[in-house]
Amino acid sequence: MSKNPNGHEIISLFETMYPKAFAMEGDPIGLHIGALNRPVTNVLIALDVTEEVVDEAIEKQAGLIIAHHPLVYRPLKTIHTDTAYGRIIEKCIKHDIAVYAAHTNVDIASGGVNDLLAEALGLVQTEVLVPTYEENLKKLVVFVPVSHRESVQQALGDSGAGHIGNYSSCTFNVEGTGTFLPLEGTKPYTGTAGKLEHVEEVRIETIFPASLQRKVVRAMLAAHPYEEVAYDIYPLENKGNVLGLGKIGYLPEAMTLEQFAGYVKERLDVPAVRVVGTLQDTVEKVAVVGGDGNKYIKQAKFKGADVYVTGDLYYHVAHDAMMLGLHVVDPGHNVEKIMKAGVQKQLQQKATEKKLAVTVHASTINTEPFTFI
C-alpha cells in the first residue's frame with residue numbers, strides 16, 4: 001500500500017542520492033522557501049526558479065520544487081512583491097510551495113549533472129576530473145543463524161553494502177557455533193531462558209560507505225531474527241569511491257574539432273556553441289564540467305584532454321586555453337538542463353520503490369536567458 005509522504009520524507013529520499021556532504025563549501029543548498037512538514041503529492045524538478053516555473057508548479061499542484069540553481073544566493077534585505085523576484089516568493093508562499101536547492105551536490109554525485117553530460121556525449125573509460133570528496137569505508141561483521149543467512153545478505157545488498165568496484169552484494173561467510181545464555185525476561189528466537197544455547201551461525205562480513213551506516217544497520221537489524229543482534233563495525237583504510245567536479249573520458253572514435261562541435265550541439269540540444277582551437281585538429285579525449293568551469297582548464301589539460309566542454313567561458317580564459325594547447329567547446333550554462341529529466345527519473349524510481357504516493361515531474365520551462373541569432 002502506498003504512503004502519502006511529506007516534504008521531509010521526499011528530501012530525505014533525495015539526499016540518499018545527492019547528499020549535502022558532497023556540496024562545495026559555501027554553496028547555499030537546502031530549503032529556501034516554505035516548509036517541508038506538509039503533505040506532497042507532486043514534485044517539480046527544475047534547473048532555475050523563475051516565475052514561469054512557479055506557475056508550472058502551481059498548475060501541476062506541486063508542493064515542492066527541487067531546483068539545481070539556488071534561488072537565494074545571498075541573504076535578503078527586502079522582498080518587494082511588485083518585482084519579479086518578489087512575486088516568485090509571494091506565489092510560493094501563497095500556494096504552499098516549498099523550494100529546495102541542490103546545486104554542487106547534484107553536480108558531484110554519481111548519476112548527477114556531470115555523469116549525465118558525459119553519458120550524453122557517449123564518453124567511455126570516464127573518471128573524475130577534479131576530485132573533491134572521497135567516501136570513507138567501514139566493515140560490518142554480523143553473526144546470523146544459518147536459517148537467515150540469505151535474507152540478511154539480501155537486506156545488506158539492497159541497502160547499499162557490499163559494493164566493490166563493478167561488483168555488488170560482496171560478502172565473506174564463515175560458519176561456526178554461537179553461544180548465549182538468555183536471561184530472565186528475554187524472548188529468544190531460539191532456546192529458553194536460563195539455559196546456555198549452542199547455535200549454528202554464520203559470520204557475515206561486508207563493507208559499506210560510512211555515509212550509509214544508519215541505513216545498512218537498520219536493514220540488517222530488520223532482517224535479523226534475534227532479539228539482541230551481535231555485530232561489529234570497523235573503520236577501514238581502504239580507498240572509497242572518489243567523487244568530484246567534472247568527468248574526463250574518451251569518445252567512441254576520434255573526430256575533428258569541427259565535427260565534435262556539431263556533435264555537442266546535437267547531443268546537448270543547444271542552438272550554438274563557441275569554439276576555441278583549430279577546427280581541423282583531431283580530438284578524442286574529452287573533459288566536461290557543467291555550468292561555469294573556467295577555473296578547471298589546467299586540470300583538463302593536465303589530465304590529457306584534447307578538448308574541454310564547459311559553459312560561460314571568459315575571454316581571457318579562452319586565451320589561456322589557447323596557450324595551453326587545449327581546445328574548448330562552450331555550449332553555455334543552460335546545458336545543465338539535462339539534470340531535470342535525469343533527477344526526475346531517479347527520484348521517481350526511488351519513491352516508487354519506497355511505495356510513496358508522489359509523482360515527480362521534470363519542468364518543461366526553458367530558462368535559457370539568451371537568444372541566439
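Residues in region 53-75: is at least one under 15 Å from HIS32 (Cα atoms), of a type outside the set (Lys, Arg) and in a helix (DSSP H, G or I)? There is at least one residue in region 53-75 that is under 15 Å from HIS32 (Cα atoms), of a type outside the set (Lys, Arg) and in a helix (DSSP H, G or I).
ARG267 - would you say it is without any contact (Cβ under 8 Å) to a residue 24 or more places away in the chain and out of contact with any Lys or Arg (no Cβ under 8 Å at 6 or more places or on another chain)? Here the answer is no, as ARG267 does not meet what is asked. Considering region 106-192, the qualifying strands (runs of 3 or more DSSP E), each wholly inside and each with 3 or more residues that are without any contact (Cβ under 8 Å) to a residue 40 or more places away in the chain and of a type in the set (S, T, N, Q), run over 172-180.
Quickly run through region 188-212 and pick out the residues that are charged (D, E, K, R) and under 17 Å from PHE143 (Cβ atoms). GLU197, GLU200, GLU201, ARG203, GLU205 - these are the residues of region 188-212 that are charged (D, E, K, R) and under 17 Å from PHE143 (Cβ atoms). For region 280-300, residues that are open to solvent by less than 30 Å² (accessible area, probe 1.4 Å), free of Cβ contacts under 8 Å to residues at least 60 places away in the same chain, in contact with an Asp or Glu (Cβ under 7 Å, 6 or more places away or on another chain) and more than 11 Å from LEU326 (Cβ to Cβ) total 1. When region 233-275 is filtered for residues that are open to solvent by 90 Å² or more (accessible area, probe 1.4 Å) and part of a strand (DSSP E or B), the ones remaining, listed by number, are TYR234, PRO235, PRO252, GLU253, ARG274. Of the residues making up region 186-206, those that are open to solvent by 30 Å² or more (accessible area, probe 1.4 Å) and within 25 Å of TYR167 (Cβ to Cβ) are ARG203, GLU205. Looking across region 110-129 at every residue that is among the small types (Gly, Ala, Ser), touching a strand residue (DSSP E or B) at 6+ places or on another chain (Cβ under 8 Å) and at pLDDT 95 or above, the one that is surrounded by the most Cβ atoms within 10 Å (Cβ to Cβ) is identified as ALA118.
The values are calculated or read from the model by the stated rules, or taken from the named source; none is laboratory data. Small disclaimer: the values here were computed from a predicted structure and weren't measured. We place every Cβ from the backbone using ideal geometry, glycine too, and count neighbours over all the protein chains shown. Remember, those area values only see protein heavy atoms, side chains included, never the ligands or the DNA or RNA. Shrake-Rupley method; radii C 1.70, N 1.55, O 1.52, S 1.80 Å.
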